[in-house]
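The values are calculated or read from the model by the stated rules, or taken from the named source; none is laboratory data. For clarity, every value in this text was computed on a predicted model and none was experimentally measured. Note that we place each Cβ from the backbone using ideal geometry, even for glycine, and neighbour counts take in every protein chain shown. The area values use the complete protein model at the heavy-atom level, side chains included, leaving out ligands, DNA and RNA. Shrake-Rupley method; radii C 1.70, N 1.55, O 1.52, S 1.80 Å.
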Amino acid sequence: MEIENTRDSDSMRGSRVGFSGSLVSGKKSARFKDDESYVEITLDVRDDSVSVQNIKGADHEAALLASRLEKRPNNTLGSQLSFHLRQVSKELKRMTSSNKFQKIDRSKSGAARALRGLQFMNKNVGTEGWSEVESRFDQLAVNGMLTKSLFGQCIGMKESSEFAEELFDALARKRCITSPAVTKDELREFWEQITDTSFDARLQTFFDMVDKDADGRITQEEVKEIITLSASANKLSKIQDNSDEYAALIMEELDPGNVGYIELYNLETLLLQAPSHSMNLSTNSRVLSQMLSQKLKPTKERNPFKRCKRRLDYFIEDNWKRIWVMALWLSICAGLFTWKFIQYKRRAVFDVMGYCVSVAKGGAETTKFNMALVLLPVCRNTITWLRSRTKLGKIIPFDDNINFHKVIAFGIAVGVGLHAISHLTCDFPRLLHATDEEYEPMKPFFGDERPNNYWWFVKGTEGWTGVVMVVLMIIAYVLAQPWFRRNRLNLPSTIKKLTGFNAFWYSHHLFVIVYVLFIIHGYFLYLSKKWYKKTTWMYIAVPMILYACERLLRAFRSGYKAVKILKVAVYPGNVMAVHMSKPQGFKYTSGQYILVNCSDVSSFQWHPFTISSAPGDDYLSMHIRTLGDWTSQLKTLFSKVCEPPTGDQSGLLRADIAKADYKPRLPKLLIDGPYGAPAQDYKKYDVVLLVGLGIGATPLISIVKDVLNNIKQQKDIEDGTKGSKRSPFATKRAYFYWVTREQGSFEWFKGVMDEVSENDQEGLIELHNYCTSVYEEGDARSALITMLQSIHQAKSGVDIVSGTRVKTHFARPNWRQVFKRVTINHPDQRIGVFYCGPQGLVGELRHLSQDFSHKTGTKFEFHKENF
């Protein structure tokens with residue numbers, strides 16, 4: 001063999017090396033005659049790749065060359081050249097397998113999609129991020145060498161250490177590095193390869209990760225190993241458990257000839273020809289999309305006054321209901337304070353106590369008003385009736401009832417502060433230090449003998465009732481804060497037992513005592529002796545009676561609403577589903593919730609849970625996530641009667657009581673409701689966009705089922721096949737986005753997903769599942785999962801991540817693109833956006849709803865429910 005090297009041998013590594021000449025030995029094989037022509041092969045040989053540019057000659061002779069190249073000894077030109085020859089052999093075999101040498105057609109869109117499917121580094125590309133990597137190398141390296149265990153941390157892949165170590169091994173094998181550590185120069189070469197944006201480089205790197213013995217072939221065992229590794233990196237335990245099955249599926253797809261291995265071009269074919277799962281747009285839609293993007297570009301108004309006015313206009317347009325309610329409340333509070341302030345300024349006591357007494361009495365008057373008002377937002381039955389049976393929902397934001405309750409509580413705190421501080425630090429000291437002449441007008445109120453110390457004020461009925469009320473209010477107010485109610489603070493275990501939801505619930509019921517003391521305190525007044533001037537009871541009488549009736553109604557109604565439990569299932573993610581019989585006459589709307597009591601846990605506590613079944617179902621269901629003491633104890637009780645599921649049943653533990661031969665003793669559940677919630681307003685919209693995070697999908701799943709039933713019912717009415725028991729509502733299109741952290745979460749609503757997929761023949765309900773534990777589509781750590789997902793869904797119609805017919809997307813949705821797509825599909829329409837989940841996403845969804853509503857003809861109305 002003749003070899004012409006265009007570079008010095010010591011610079012071969014990392015440089016382009018050219019080879020030319022005959023690829024067969026000087027001694028001809030007996031099969032070649034003198035008059036026969038050679039096979040002419042044009043190669044492009046680099047230090048890490050060999051590509052065949054052209055072949056001239058017979059196919060069987062090319063095959064012979066390939067087999068001869070495999071048998072050449074490795075020590076002819078060293079291990080690196082041997083590896084190049086094996087690559088040539090592989091290329092020749094691939095091309096001789098077909099009658100005509102053709103490269104795979106890399107269409108522009110196909111190549112772009114494939115490039116997105118194999119990104120090892122998706123943030124800092126090329127030299128732009130090397131400075132940070134170099135800085136971390138200097139911190140982590142020992143004696144100028146970076147160990148394999150620290151490779152992932154150094155390149156910014158710390159959360160996927162196993163995957164990073166496999167990538168290290170692949171890059172090291174390519175360069176014949178046997179040491180478990182690399183120098184900075186070698187790390188630079190690694191970095192340049194994994195950040196190479198070319199498709200060939202990414203494909204080769206990924207192939208080398210799977211091909212652990214560097215023979216140019218991937219066996220089923222190697223496929224299984226990389227599936228296990230990818231599933232582990234993406235926290236997909238079920239795929240990890242079934243890696244044998246999925247490895248066989250990939251081999252079946254890419255190795256139809258059953259030769260026992262797959263090669264580089266097989267992966268290339270899969271990447272280039274795999275169907276795109278992105279949201280395809282027609283030509284017209286693409287034009288609209290571009291126009292919409294241009295329209296939504298932020299344009300900064302140079303005039304600051306116009307900029308502020310526009311923001312103010314947008315704010316008023318989006319929050320006018322809240323604004324007028326808050327303005328009315330503040331006006332009433334200000335009016336009451338001013339009225340009482342002026343009234344006491346004109347009395348004789350003002351000459352002794354001054355403005356202090358006016359401030360104290362003004363604060364007291366607002367406190368009386370707010371103590372009455374604070375009960376109304378928590379009168380659930382009244383609120384539900386008003387929002388469901390009246391038109392008041394058009395002007396009153398019933399969705400904000402709990403927020404308004406908190407605002408009023410803050411108003412009470414301010415009023416109590418003004419009242420108590422003014423008395424204790426101002427007017428009482430002035431009274432104690434008043435002269436006999438100044439005290440003379442005060443005798444009708446405080447007695448003939450002037451008080452001589454603070455204890456006189458405290459020991460009186462007015463004093464001790466006020467002090468006890470303030471203490472109880474402080475306890476309830478502090479334990480109601482999210483830091484304590486949700487146990488967000490790292491407190492000592494002894495103190496932590498005094499916090500949590502139970503502490504919040506019981507401390508809030510101290511207000512029964514507070515209201516009794518409030519009436520007593522308001523009756524025994526120092527400065528008002530006539531009964532008609534003691535107005536405390538007048539303020540709170542009606543709200544207290546209404547609230548008492550609400551509680552009596554709940555007690556009466558729940559007494560005969562003891563439900564029969566039909567099925568219990570405990571799912572991954574600390575979620576338990578309970579299916580119950582529907583009480584006679586129990587009617588509800590999707591999105592509403594019920595209060596649940598379990599006497600085996602606590603006879604007094606009632607906890608709200610959203611109904612996950614649809615109104616048309618013959619049962620009630622709720623999905624409970626165990627987050628606090630009460631839910632944990634409830635799960636423990638039900639787990640005792642559950643067993644591992646059999647057959648195709650879902651869940652970790654399960655009990656189908658209705659079908660079971662034995663009848664275990666089950667905890668008794670009482671329910672009360674239903675009660676109104678923001679999600680129940682979905683019926684007012686033709687199109688709804690439903691967004692649920694984790695267990696927040698519960699009310700939205702009920703809506704999806706109800707919309708499906710509504711569409712089927714409308715179709716039946718149009719066909720005249722059957723009469724309608726329920727009047728159909730406006731909703732005719734739904735987009736459902738469910739974002740969850742764990743793969744096991746998809747079991748919660750697997751049955752509903754499959755039901756919608758099977759029955760929604762016209763595609764009026766779009767279901768989109770997102771699993772955030774999986775790296776985004778385009779990351780090499782999820783590339784094999786994406787390939788496996790495509791193959792499995794094409795063959796069986798079932799998604800490997802969710803186990804349903806709904807395709808699972810990876811990472812988090814691009815919410816701007818979601819809104820953009822809905823806008824394009826429904827121009828000049830009113831869209832109801834319903835979100836249920838943690839507070840974190842509220843701001844972004846609300847901003848997008850406002851932005852698209854202001855800049856396009858489509859109006860998005862945002863509703864949210866937090867837990």
Nonlocal amide H pairs with residue 621, under 5 Å, H built at 1.01 Å
580, 612, 613
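How many Å² of accessible area per residue for the stretch 430-476, probe 1.4 Å?
Working: 2970 Å² over 47 residues.
Using a 1.4 Å probe on heavy atoms only, each residue of the stretch 430-476 averages 63 Å².
Calculate, for residue 541 and residue 135, the FRET efficiency according to 1/(1 + (r/R0)^6) with r their C-beta to C-beta distance and R0 45 Å; round to the nearest 0.05.
Working: r = 71 Å, r/R0 = 1.57.
The computed FRET efficiency comes out at 0.05.
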Residue 303 versus residue 159, label points 7 Å from Cα toward the beta carbon: distance in nm?
4.7 nm
Keeping the other protein chains in place, figure out the carbon and sulfur percent of the accessible area of the stretch 324-553, with a 1.4 Å probe.
69 percent
Determine the gain in length on full extension of the stretch residue 686-residue 643; use 0.36 nm per residue of separation and subtract their C-alpha separation, reporting nm with one decimal.
11.1 nm
Note down the accessible area of residue 538, probe 1.4 Å, to the nearest 10 Å².
80 Å²
What residues of the stretch 168-194 lie in the reach of a label at residue 143, counting those whose backbone N is under 19 Å from a point 7 Å from the Cα along Cα→Cβ?
177-187
FRET efficiency for residue 453 and residue 351, using Cβ-Cβ distance with R0 set to 25 Å, rounded to 0.05:
0.65
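Once you charge only the Cβ atoms, +1 for Lys and Arg and -1 for Asp and Glu, what is the size of the charge dipole of the stretch 324-553 about its Cα centre, to the nearest 20 debye?
Roughly 1040 debye for the stretch 324-553.
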Under 5 Å, built H, 5+ apart or other chain: amide partners of residue 627:
632
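Please say if the stretch 780-834 is rounded, prolate or oblate, where rounded means a/c under 1.5 for a ≥ b ≥ c the square roots of the C-alpha gyration tensor eigenvalues, and otherwise the choice is prolate for a/b larger than b/c and oblate otherwise?
Details: a/c = 3.01, a/b = 2.10, b/c = 1.43.
Prolate shape, in that a/c is at least 1.5 and a/b is the bigger ratio.
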Simple spin-label estimate for residue 386/residue 179, 7 Å along Cα→Cβ, in nm, reads 7.6 nm
In Å², rounded to a whole number, the accessible area per residue of the stretch 743-834 with probe 1.4 Å is 34 Å²
How would you classify the stretch 395-545 from its alpha-carbon gyration tensor, with a ≥ b ≥ c the square roots of the eigenvalues: rounded for a/c under 1.5, else prolate if a/b is greater than b/c, otherwise oblate?
prolate
Apply the a/c threshold of 1.5 to the C-alpha gyration tensor of the stretch 516-638 and tell me whether it is rounded, prolate or oblate.
prolate
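Go ahead and run the numbers for FRET between residue 488 and residue 762, Cβ-Cβ distance against an R0 of 56 Å, rounding to 0.05.
Numbers: r = 46 Å, r/R0 = 0.82.
Computed FRET efficiency for residue 488 and residue 762 comes out at 0.75.
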If you average the alpha carbon positions of the stretch 606-628 and of the stretch 203-226, how far apart do those two centres end up, in angstrom?
48 Å
